[in-house]
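Colleague: My questions all concern the structure below.
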Amino acid sequence: MDPRGKLAVVTGAAGGIGGGIVAALVDAGAELVIATDLAIDGIPSGDRIRPHLLDVADEAATQALVEAVDNEHGPIDLWFANAGVAGGGGADAPDAEWDRQWRINVMSHVYAARALLPEWIARGEGHLVTTASMAGILTSLGDGVYAATKHAALGFAEWLAITHGDEGVKVSCVCPGAVDTAMLRGGAGGDAGRATMAIGGGEVLPADEAGRRIVAAVAEDRFLIFTHEEMHEYTRRKADDPDRWIRGMTRLWGRAKELLAD
């Protein structure tokens, strides 16, 4: 969907990829961007940006925001379900951590779909853009909860695209590589370069550039959106020889533990 003249909502907009998406939408000619997060601080400012508080893990709050935007500004054309969290751990992670990441990384996409699909199907138009991660295709070394929930996010987006594509609803799923965000730096003591080495290497991309690439891909109606071209090759290698890929990632995990321990 071409963002020009459209009304868009972006969750997780206070910095990082979300902030980059907001700026890119404005540059691409969006009529209005509703930029949401748990706090207003960090949300980009501008004449065509309206900041709003939103806890994406709260279905009632999501529904209320959709209704408020529709009443005040008109129907929503694009929804970027971008908010996400990580936390570390795997089978040993407490249930509370599994629940937190599940509600934010997966159920927030479900809540958005529930709120938006009836009107979009009636209109025959609308575009849901969910943010998963390369962890949803490959994995996330050291964070099994994140890897599992991001796989689920990608699976749900794919199902939506197949199920509602003939009703005029478009769906995209963003799988970012290493983007310079607080989440990435948080995995390596503030060092984005060291963090990207732990997840497989590649260029650390500024969040604004990631936002531009994502919005450009949305305008082309792509389903699977990568921020890094090399991720196509990583995905192909895994599909071609899963056993070899597991062995290689096992070796990488050994090196990553050494890097993160330094």
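The values are calculated or read from the model by the stated rules, or taken from the named source; none is laboratory data. Everything numeric in this text was worked out from a predicted model, so none of it was measured. Ideal geometry is used to build each Cβ from the backbone, glycine not excepted, and the neighbour counts take in all protein chains shown.
Colleague: Checking R4 against (1) more than 16 Å from A112 (Cβ to Cβ); (2) of a type outside the set (V, I, T); (3) in contact with a helix residue (DSSP H, G or I) (Cβ under 8 Å, 6 or more places away or on another chain), which test does it fail?
Modeller: R4 satisfies all of (1) more than 16 Å from A112 (Cβ to Cβ); (2) of a type outside the set (V, I, T); (3) in contact with a helix residue (DSSP H, G or I) (Cβ under 8 Å, 6 or more places away or on another chain) except (3).
Colleague: Determine which member of the set G126, G177, G142 is touching a strand residue (DSSP E or B) at 6+ places or on another chain (Cβ under 6 Å), buried (at least 18 other Cβ atoms within 10 Å of the Cβ), over 20 Å from A61 (Cα atoms) and of a type in the set (G, A, S).
Modeller: Among G126, G177, G142, only G126 is touching a strand residue (DSSP E or B) at 6+ places or on another chain (Cβ under 6 Å), buried (at least 18 other Cβ atoms within 10 Å of the Cβ), over 20 Å from A61 (Cα atoms) and of a type in the set (G, A, S).
Colleague: Six or more apart or on different chains, Cβ under 6 Å: which pairs go from a residue in the stretch 88-111 that's in contact (Cβ under 8 Å) with a residue 12 or more places away in the chain and closer than 21 Å to L54 by Cα to one that's assigned to a helix (DSSP H, G or I) and among the acidic types (D, E)? Could you list them?
Modeller: Y111/E59
Colleague: With respect to T227, is the statement that it is modelled with pLDDT of 85 or more and among the polar types (S, T, N, Q) true?
Modeller: yes
Colleague: Here is a further query. State the number of residues belonging to the stretch 235-256 that are closer than 17 Å to L141 by Cα, surrounded by 13 or more Cβ atoms within 10 Å (Cβ to Cβ) and out of contact with any Leu (no Cβ under 6 Å at 6 or more places or on another chain).
Modeller: Going through the stretch 235-256 one residue at a time, the tally reaches 6.
Colleague: Which numbered condition trips up I76, out of (1) crowded, with 23+ Cβ neighbours inside 10 Å; (2) under 16 Å from the mean Cα position of the chain (by Cα); (3) closer than 20 Å to A157 by Cα?
Modeller: (2)
Colleague: OK, next. Take the residues of the stretch 98-110 that are buried (at least 16 other Cβ atoms within 10 Å of the Cβ) and farther than 30 Å from M1 by Cβ: which is nearest to the chain's Cα centre (by Cα)?
Modeller: Let us first name the residues in the stretch 98-110 that are buried (at least 16 other Cβ atoms within 10 Å of the Cβ), namely 98, 100-110.
Subsequent filtering for residues that are farther than 30 Å from M1 by Cβ retains 98, 100.
Numbers: W98: 18, R100: 16 Å.
Of everything passing the filter in the stretch 98-110, R100 is nearest to the chain's Cα centre (by Cα).
Colleague: Could you pull out every one of the helices (runs of 4 or more DSSP H) wholly within the stretch 66-185 that has 2 or more residues that are acidic (D, E) and at pLDDT 95 or above?
Modeller: Where helices (runs of 4 or more DSSP H) fall fully within the stretch 66-185 and carry at least 2 residues being acidic (D, E) and at pLDDT 95 or above, they are 95-102.
Colleague: Right, something else. So, in the stretch 1-29, how many residues would count as being closer than 19 Å to H73 by Cβ and not in a helix (DSSP H, G or I)?
Modeller: 14
Colleague: So, one more: Taking the stretch 203-254 as the search range and keeping residues that are part of a helix (DSSP H, G or I) and of a type in the set (F, W, Y), which one is nearest to G19 (Cα to Cα)? If you could, list the steps in order and put the result at the bottom.
Modeller: Step one: of the stretch 203-254, the residues part of a helix (DSSP H, G or I) are 207-219, 230-240, 242-254.
Applying the additional criterion that residues be of a type in the set (F, W, Y) yields 234, 245, 253.
Working: Y234: 27, W245: 34, W253: 31 Å.
Restricting to residues being part of a helix (DSSP H, G or I) and of a type in the set (F, W, Y), the top hit is Y234.
Colleague: Before we move on, is E72 in contact (Cβ under 8 Å) with a residue 24 or more places away in the chain and either in contact with a strand residue (DSSP E or B) (Cβ under 6 Å, 6 or more places away or on another chain) or of a type in the set (D, E) (or both)? Don't jump to the end; show me each part of the working.
Modeller: Details: in contact (Cβ under 8 Å) with a residue 24 or more places away in the chain: no; either in contact with a strand residue (DSSP E or B) (Cβ under 6 Å, 6 or more places away or on another chain) or of a type in the set (D, E) (or both): yes.
Criteria not met by E72.
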